[in-house]
Structures are given as C-alpha cells and as structure tokens.
Amino acid sequence: MSEKNYSYKDLVALLNRYAKAYYVDDDPIVTDSEYDRLYRQLEIMEQADPTIISPDSPTRRVGGQALSAFASVTHRVPLLSLGDIFSVSELNDFNERICDFTHEEKVEYCAEPKLDGLAVSLIYENGLLVKAATRGDGRVGEDITENAKTIKAIPLRLSGENVPSYLDVRGEVFMPRDGFEKWNERARQNGGKVFANPRNAAAGSLRQLDSKITAKRPLTFNAYYIGECSNELPDTQYDRLMSVKGWGIPVNPLIKKVYGIKGLSDFYNDILQKRPGLNYDIDGVVLKVNSIPVQEDMGFTARTPRWAIAYKFPPEEEITRLLDVEFQV
Ligand code: NAD
C-alpha cells in the first residue's frame, strides 16, 4: 500500500472508519498490519503533541460499540485491550519497566499465545452459565448468551472441586482453521457468505441474532483471565488459569511460566515457529506479569493493563479481501 502523509484529523477519521468495519460490521477493509501501521503513526503524532489528541481518537477507546440489535450488558469489571509491541527493543523496554517496578532482575511471567478471535466474558452463578457478553467498547458489550451456549467448549455447568458461586471468566472465541476452511468451501459451493479470515468468521458467527445460525458454525473457546470470582484465588495468573481449567473451562495448552528477558524471547520464538502447525490463528504472544499482587499494584491505563503486553508477529498473510481504500473526507 502506498505511503501517504495524513493530517491528524484525517488519520483519526480513517482509523475510525476501519475500526467500525472491523469491530461493528465484522467486515474489515484493510489488513491488520496496515491498521497497526497507521495506528502507530497516530500514536507517534499524539506523543509528539498531546494537545492535538481528539476525544474520538481510536487511542482513547477499546474496540467498537455494541450493536443495538443485541441487549447490552454493562461489564462489572471492564474488558480492556492490550498495548502492543513489534520488536526486540520494545520487548526489552517492557521487561525493564517491569524490573524497575518490582526491583527484580528476573521477573516471572505467564506467557500465552495471542489467539485471534474475539473477547467474551462468561458469567457463572452457582456453577451455571447465566450470561455471555462481547467486549464491545470495554464497558458495555452485547448479550450473546444464547449464542455462547451453542459452543461446545463452553461448559453450561462448571465441574470439579470448589466451584465458585460467582465467576466472570474472560477468553477468546475463535474458529479453528480446519472448520474455517470447510465452512468457506461449502459457502463457495452454495453461494453462502465467504469469510475473509477465521477471526472475522468467529466474530460474524458469534454476533448472530439467531443462535441456530451460530450453532452451525465451528466455534471454540479458550479462557485467559478471571475478571471476578467469589472464591479466594491463587495469587498468580498461571495458577488462576489452572483453577479455571479445573472447573472444566478450556485453557490454551501452550501457556507457560517463563523467567526474565530470555524466557520472554525464547517463548516468542518458540510460538512463532509453532504457528504454521497450529489449527488456529494467533497473531502474537501475550506476556503477563505472573504475580497478581504486582498486577494490582501496577494497574491499568485507560485502555490497557500496565503489567501485560501483546508482542505481535509479523503478518502471516494479507487477508484475501483487500481493498486499496483511498480515503475521502
Ligand atoms: P488486540 O487484539 O491487539 O489485543 C487485545 C485482545 O487480545 C483482547 O481483547 C483479547 O481478545 C485478545 N487476546 C487473545 N489472546 C489473549 C490472551 N492470551 N490474553 C489476553 N488477551 C488475549 O486489541 P484489540 O483492541 O482487540 O484490537 C486491535 C487489533 O485489531 C489491531 O492491532 C489490529 O490488528 C486489529 N484491527 C484491525 C482492523 C482492520 O481494519 N483490519 C481494525 C481495527 C483493529
């Protein structure tokens, strides 16, 4: 795509247009790498002169707005986004910031693959799934309870020991690659909807008004975070995920405890190498300080946790439906 120098105002409008196509319409019009490149350009402009920051800048918000066709759900604990990095030097900066904060030389992290689907929150009361919601703008999401109930990986009732009376567990709904390919092949034969990529297919399938349609789509789920829980929980991210697993909710098998900068970069390289052989799309790794007390001390910015980062992979392939969009204000 040709390099173009946008004014600040045009860049905000352009990114907002792309974000609406991606988050609200589930129909992206540019590749993620192009979006990320322009987003980074906007961040640099805003860092250079914070007085220009517009309240509708995509850097001020999480995701997209909830569709009014769904009932809305206000998250008791917001679902945030993640800061992202793209290079070894940014990884070093992240690790150094954490070391400075903890006064440790070798911090323990919980390292996880970054699943490329969409974030949902599942609420269990007395062990039963009572609500499922999309992230939406982080504060208000869409009620997709009936659709989530059609996903076999999401237990309708928790099992195992010490099931909490209240649990808000967050994770990613995604479409495995084999299911995505089969779906598209059938759609091509029958003239049905062909999806650009598995992320897009997952989002379009989950945000259906008729849950019978969702039920036919090959979706699955992995948990990666506890938003709220009535039980006293272990004090590390890794052990919390093991508790979730113990209640019958799937957790990605590649998550791992790693130590210091070498642990982080080895994990990144290992997952990058495994990426082509996985049956699901990942667009990077998510690196989280493992200690929950440290996470709590570090807290959040308006849109991201300070104790975690997404280290993005280089783009694997451009999405198939790529339009060379020329922006007109
Ligand atoms: P993000 O996707 O970069 O990161 C946050 C999300 O990561 C979370 O909401 C969660 O859903 C997901 N995630 C996956 N695995 C996780 C794990 N193990 N732990 C925690 N979270 C995990 O942020 P975003 O705000 O959802 O979206 C921004 C990205 O979306 C951009 O970087 C871009 O690639 C893409 N995007 C593309 C377009 C486009 O037009 N192509 C438009 C907007 C956004």
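Of all the criteria given as (1) among the aliphatic types (A, V, I, L, M); (2) modelled with pLDDT of 95 or more; (3) closer than 19 Å to T134 by Cβ, the one not satisfied by I213 is (2). When S54, S33, S89 are checked against the criterion of being assigned to a helix (DSSP H, G or I) and more than 16 Å from the ligand (Cβ to nearest atom), a single residue qualifies: S89.
Can we say N231 is without any contact (Cβ under 8 Å) to a residue 24 or more places away in the chain and either in contact with a Phe, Trp or Tyr (Cβ under 7 Å, 6 or more places away or on another chain) or polar (S, T, N, Q) (or both)?
Numbers: without any contact (Cβ under 8 Å) to a residue 24 or more places away in the chain: no; either in contact with a Phe, Trp or Tyr (Cβ under 7 Å, 6 or more places away or on another chain) or polar (S, T, N, Q) (or both): yes.
Taking the combined requirement at face value, the residue does not satisfy it.
For the stretch 171-218, name all the residues that are out of contact with any Gly (no Cβ under 8 Å at 6 or more places or on another chain) and closer than 25 Å to M242 by Cβ. Across the stretch 171-218, the qualifying residues are G171, P176. Considering every residue within the stretch 2-15, establish whether at least one is within 20 Å of the chain's Cα centre (by Cα) and within 16 Å of the ligand (Cβ to nearest atom). Checked against the condition, which is being within 20 Å of the chain's Cα centre (by Cα) and within 16 Å of the ligand (Cβ to nearest atom), the stretch 2-15 yields at least one hit. Restricting N200, N184 to residues that are surrounded by 18 or more Cβ atoms within 10 Å (Cβ to Cβ) and without any contact (Cβ under 8 Å) to a residue 24 or more places away in the chain narrows the list to N184.
Taken as a whole, the structure places V77 among residues that are in a loop (DSSP other than H, G, I, E, B), assigned by TED's automatic domain parsing to the domain that holds A202 and of a type outside the set (S, T, Y). Figure legend. Inter-residue proximity from the stretch 268-286: first residues surrounded by fewer than 12 Cβ atoms within 10 Å (Cβ to Cβ), second residues modelled with pLDDT of 95 or more, beta-carbon distance below 8 Å, spacing 6+ or different chains. Indicated pairs: N279/P176; N279/R177; N279/D178.
Every residue in the stretch 5-29 that is in contact with a Gly (Cβ under 7 Å, 6 or more places away or on another chain) and either surrounded by 21 or more Cβ atoms within 10 Å (Cβ to Cβ) or among the aromatic types (F, W, Y) (or both), please.
Y23, D26, listed by residue number.
The values are calculated or read from the model by the stated rules, or taken from the named source; none is laboratory data. Computed from a prediction, not measured in an experiment: that's the story for all the values here. Heads up, the Cβs are rebuilt from the backbone with ideal geometry, glycines too, and the neighbour counts pull from every protein chain shown.
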